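Following: one structure in structure tokens, then a few remarks.
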Amino acid sequence: MAKKPLGKDKFGIQKVMRVGDYFGDSLGQFSLNAISGLVGQLTYFYTDKVGLAAGAVATAFMLTKILDAFTDLIMGNIIDHTKPGKEKYRPWLLKMAVPAALLIILLFTVPANVSPTLQIIYMFLTNFLLTAVIYTAIAVPYSAIQVVRTASQEERGTMGTFRAAAGYVSGMIIAVLTIPLTNILGGDQGAWIKYGFGFGLAALLCLLLCYARSKETNPAAEVKPEEDEEEQIPFGEAVGKLFRNKYWVMVLVLSLCANVTYGLANSAGTYYAKWIYGNDNLIGIQGAIGMIPTLLGFILVGPMIKKMGVTKTLRVSFFLGMAANVLRLLNPYHFWMNTILGCFGTFSNIPMMCLLGVLTAMSIDYNEYQFGQRMVARSQSAASFGCKVGTGVGASLVGWCLGIASYDPNAAALTAGTKYAIFTFNIYIPIILFAVMFFVSLKFDLEKRMPEIHAKIAERKAAAPCRAARDFSGTAGA
């Protein structure tokens, strides 16, 4: 039986995606968030299960991210220089599926009977290979698929919502189940290895399914071999143009800040539950309750966008997150008060998860408007860079704060230094991050300019064949 033909969106753009396509595409984000979520749990694993010093763990994380900072643009450059006529983005999901699964497992197999120095080296190498190499080789092309899959902003927005939902499910599973499940499995390093094995298999399956459902079908993004040379610009020139695109820089800052917030949420809550509330299993209860604002967020983000638009929706959510964390200062010891306020913080993260890809797509259109070149994969590196470095910085901030406070996981009582360190990375730093995102979003005015920009691009493309014909005619006459 033939499938019912798809219609057009409200702007007259042909739709190309069905529900199964959205779901399959979203599984790539499930895998990526599984990686970043597990990395967020590593600080607690390394300090309280392996026994490494918090400061050393944080420094190793940060060194990984310094090196990692260069791999996104390099990967974008590699992809944008794929030979014309080939798929540029989808094949990377297949290539990286097995390596991703293996490295997820290896994160937790830190050798036990060796010196702390060798353990730190092992930790550094496994984190670098997983986040700087494998995660990059998945995230950059996967982000670009959102642009080349469809020309419809409506479908891109729906893709973003499905991706955010799948990613958040992955993150919430990690937040809710990691501590209770590993405690049930024995609470030692062996329990964490079993846990990592399960997530490794899940990531492998999701990446294979995402590969099977992904396509590069956006007619607006199809480039003839003889035209593809416009993307073959030198690496240095491409980077320079990206940083001259103020909207791309804003997306980079927003992505970085948002993912530092996610990284802190993944790493910090367990310490808060263990030392402020006195029971680390309470993090599972908070995570389960956090599903309520998560579901509400995904239900309401669509109506919010229709009512206020993309940027206003983000501004409201950032302000809400900032206000909720400020109110936590009134009584940071009260479990239910902080859990309820934390729900508002959770809700405020949802719109950014859904709309980062839409913001990036706008900045790519602006590339074409300003420079005549889209630089799709290299532009998408902003999202990948922000995710990897942001979550890594979030985990590092936790370790550094604990290191400064001389944290002892086996201490009989909570010290004043540890208490204020925990308050810093759970409350004070998120307030600053939400404030930065709010003020950056006030400057992002590209959404209202998009109709004009699209018209200018179309006018330029329509005029190009005419100019070419005139040039040819003049040459022939001569």
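The values are calculated or read from the model by the stated rules, or taken from the named source; none is laboratory data. Computed from a predicted model, the values in this text were never measured in an experiment. A quick note on method: Cβ atoms are made from the backbone with ideal geometry, for glycine too, and the neighbour counts reach across all protein chains shown.
Among the residues of the stretch 188-205, count how many are exposed (fewer than 14 other Cβ atoms within 10 Å of the Cβ) and either hydroxyl-bearing (Ser, Thr, Tyr) or farther than 25 Å from ILE134 by Cα (or both).
Counting residues in the stretch 188-205 that are exposed (fewer than 14 other Cβ atoms within 10 Å of the Cβ) and either hydroxyl-bearing (Ser, Thr, Tyr) or farther than 25 Å from ILE134 by Cα (or both) gives 1.
Given (1) under 29 Å from MET375 (Cβ atoms); (2) crowded, with 24+ Cβ neighbours inside 10 Å; (3) among the small types (Gly, Ala, Ser), identify the lone condition not met by ALA58.
The one condition ALA58 does not meet is (1).
Answer yes or no as to whether LEU329 is free of Cβ contacts under 8 Å to residues at least 24 places away in the same chain, farther than 30 Å from ASN245 by Cβ and over 20 Å from the mean Cα position of the chain (by Cα).
On the way: free of Cβ contacts under 8 Å to residues at least 24 places away in the same chain: no; farther than 30 Å from ASN245 by Cβ: yes; over 20 Å from the mean Cα position of the chain (by Cα): yes.
It is false that LEU329 is free of Cβ contacts under 8 Å to residues at least 24 places away in the same chain, farther than 30 Å from ASN245 by Cβ and over 20 Å from the mean Cα position of the chain (by Cα).
Which condition breaks for MET96 when tested against (1) without any contact (Cβ under 8 Å) to a residue 40 or more places away in the chain; (2) part of a helix (DSSP H, G or I)?
(1)
Quick one: count up the residues across the stretch 43-66 that are hydrophobic (A, V, I, L, M, F, W, C), in a helix (DSSP H, G or I) and in contact with a Ser or Thr (Cβ under 8 Å, 6 or more places away or on another chain).
Taking the stretch 43-66 first, the residues hydrophobic (A, V, I, L, M, F, W, C) are 45, 50, 52-54, 56-58, 60-63, 66.
Those still in the list that are in a helix (DSSP H, G or I) too: 45, 50, 54, 56-58, 60-63, 66.
Checking the rest, the ones that are also in contact with a Ser or Thr (Cβ under 8 Å, 6 or more places away or on another chain) come to 54, 57-58, 61-62.
Qualifying residue count, the stretch 43-66: 5.
In the stretch 81-120, which residue that is under 21 Å from VAL389 (Cβ atoms) and not aliphatic (A, V, I, L, M) is surrounded by the most Cβ atoms within 10 Å (Cβ to Cβ)?
Of all residues in the stretch 81-120, those under 21 Å from VAL389 (Cβ atoms) come to 92, 96, 99-100, 103-104, 107, 120.
Subset that is not aliphatic (A, V, I, L, M): 92, 99.
On the way: TRP92: 25, PRO99: 16.
Step by step, filter the stretch 81-120, then rank; the result is TRP92.
Exactly one of these conditions fails for THR475: (1) at pLDDT below 90; (2) touching a helix residue (DSSP H, G or I) at 6+ places or on another chain (Cβ under 9 Å); (3) among the hydroxyl-bearing types (Ser, Thr, Tyr). Give me its number.
(2)
Considering only residues of the stretch 175-222 that are small (Gly, Ala, Ser) and part of a loop (DSSP other than H, G, I, E, B), which is modelled with the highest pLDDT?
Start the filter on the stretch 175-222 by keeping residues that are small (Gly, Ala, Ser), which leaves 175, 186-187, 190-191, 196, 198, 200, 202-203, 212, 214, 220-221.
Retained after the next criterion (residues that are part of a loop (DSSP other than H, G, I, E, B)): 186-187, 214.
Values: GLY186: 93, GLY187: 89, SER214: 87.
The qualifying residue modelled with the highest pLDDT is GLY186.
Please identify the pairs in which a residue from the stretch 336-347 that is aliphatic (A, V, I, L, M) has its Cβ atom under 6 Å from the Cβ atom of a residue that is crowded, with 20+ Cβ neighbours inside 10 Å, counting only partners at least 6 apart or on another chain.
As it stands, the answer is LEU341/ALA324; LEU341/ARG328, since those pairs meet every condition given.
Any idea which of (1) closer than 25 Å to VAL376 by Cα; (2) touching a Leu at 6+ places or on another chain (Cβ under 9 Å) is the one ASP68 doesn't satisfy?
The failed condition is (2).
Does at least one position in the stretch 151-158 carry a residue that is acidic (Asp, Glu) and buried (at least 17 other Cβ atoms within 10 Å of the Cβ)? If you could, list the steps in order and put the result at the bottom.
Quick first cut of the stretch 151-158, residues acidic (Asp, Glu) only: 154-155.
Imposing the further condition that a residue be buried (at least 17 other Cβ atoms within 10 Å of the Cβ) reduces the set to 155.
Yes, the conditions are met somewhere in the stretch 151-158.
Scan the stretch 122-178 residue by residue and report those that are among the hydroxyl-bearing types (Ser, Thr, Tyr) and closer than 29 Å to LYS8 by Cβ.
Residues of the stretch 122-178 that are among the hydroxyl-bearing types (Ser, Thr, Tyr), as a first pass: 122, 126, 131, 135-136, 142-143, 150, 152, 158, 161, 168, 170, 178.
Passing the criteria: TYR142, SER143, THR150, SER152, THR158, THR161.
In the stretch 101-142, which residues are over 30 Å from SER379 (Cα atoms) and outside any helix (DSSP H, G or I)?
Within the stretch 101-142, PHE108, THR109, VAL110, PRO111, ALA112, ASN113, VAL114, SER115 meet the criteria.
List the helices (runs of 4 or more DSSP H) that sit entirely inside the stretch 231-333 and contain at least 1 residues that are buried (at least 19 other Cβ atoms within 10 Å of the Cβ) and modelled with pLDDT under 85. Please lay out each step first, then the result.
Values: elements: 235-244, 246-271, 282-289, 291-308, 310-328.
In the stretch 231-333, the matching helices (runs of 4 or more DSSP H) lie at 235-244, 246-271, 282-289, 291-308.
Do you know which residues across the stretch 269-285 are in contact (Cβ under 8 Å) with a residue 60 or more places away in the chain and more than 17 Å from PHE45 (Cα to Cα)?
Passing the criteria: only ILE276.
From the list PHE23, PHE61, PHE45, PHE30, which residue is hydrophobic (A, V, I, L, M, F, W, C), out of contact with any Asp or Glu (no Cβ under 9 Å at 6 or more places or on another chain) and more than 30 Å from GLY186 (Cα to Cα)?
Values: PHE61 fails: more than 30 Å from GLY186 (Cα to Cα); PHE45 fails: more than 30 Å from GLY186 (Cα to Cα); PHE30 fails: more than 30 Å from GLY186 (Cα to Cα).
PHE23 is the lone residue from the list that is hydrophobic (A, V, I, L, M, F, W, C), out of contact with any Asp or Glu (no Cβ under 9 Å at 6 or more places or on another chain) and more than 30 Å from GLY186 (Cα to Cα).
Return yes or no: is THR339 among the β-branched types (Val, Ile, Thr) and either touching a Phe, Trp or Tyr at 6+ places or on another chain (Cβ under 9 Å) or over 30 Å from ALA412 (Cβ atoms) (or both)? Lay out the reasoning, then the answer.
Numbers: among the β-branched types (Val, Ile, Thr): yes; either touching a Phe, Trp or Tyr at 6+ places or on another chain (Cβ under 9 Å) or over 30 Å from ALA412 (Cβ atoms) (or both): no.
It is false that THR339 is among the β-branched types (Val, Ile, Thr) and either touching a Phe, Trp or Tyr at 6+ places or on another chain (Cβ under 9 Å) or over 30 Å from ALA412 (Cβ atoms) (or both).
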